[in-house]
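Worksheet: one structure, shown below.
Any read-out appearing in this document is the output of simple, stated calculations on the displayed coordinates, not a laboratory observation. Nothing here was measured: the structure is a model prediction, and the numbers come from that model.
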Amino acid sequence: MARYHDAKCRLCRREGMKLFLKGARCFTDKCAIERRNYPPGQHGLNRGKPTQFGIQLREKQKAKRIYGVVEGQFRRYFHEAEREKGVTGENLLKLLECRLDNVVYRLGFAASRRESRQMVAHGHYQVNGRKVSVPSFLVSVGDVVQLRTTSKLGARVDDNLNAGRGQVPQWLTLDPNERKGTVRSLPLREDIQIPVSEQLIVELYSK
């Protein structure tokens, strides 16, 4: 599947905010937003006023980049969110939050979603005692996510947990000694602390 392989900091600069795509670097003065807080490119400082479509597009791009999914995946999540009961925009964010790579990141096992995706893809995590190597795997209430005992990333995970860069959301519980977390419930909108207006995404796809 296609992935973005260029400089991740360009994505943050394009959205005008920290998307925390590079882990620890995002918390230092080396962060691109701290040094060059304007869009990349030759005309970065001279962009005109965005249209309504442009505003909606930026919200979609921002959500895609935060969770590290491509357009095809994102569109499928949106169509699934439409079919579910409730508010489509909130359903979309809940689906994205329940991805295994995001859960590993939210529990603090990884410094970034990119690192968590790599950890999962390389088979370092198990769900309910079974190895899962699909980052897009959707967790359910009651699922237990744990670092495999045979994994060689124990020291790295401990370093990330000790760094304490983010608070574990209420819909998850963490047992740092066992390097495992449990899904207590599905996330509510107030539990999803990302700078995205999901209604603008719904408006964009509804055209």
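Over 22 Å between Cα atoms: which of K152/K180; K60/K94; K131/K152; K131/K180; K64/K207; K60/K131 fall into that group? Going by Cα-Cα distance, K60/K131 fall outside the 22 Å limit. Fully extending the segment from S185 to V70, taken as 0.36 nm per residue of separation minus the present Cα-Cα distance, adds 38.7 nm.
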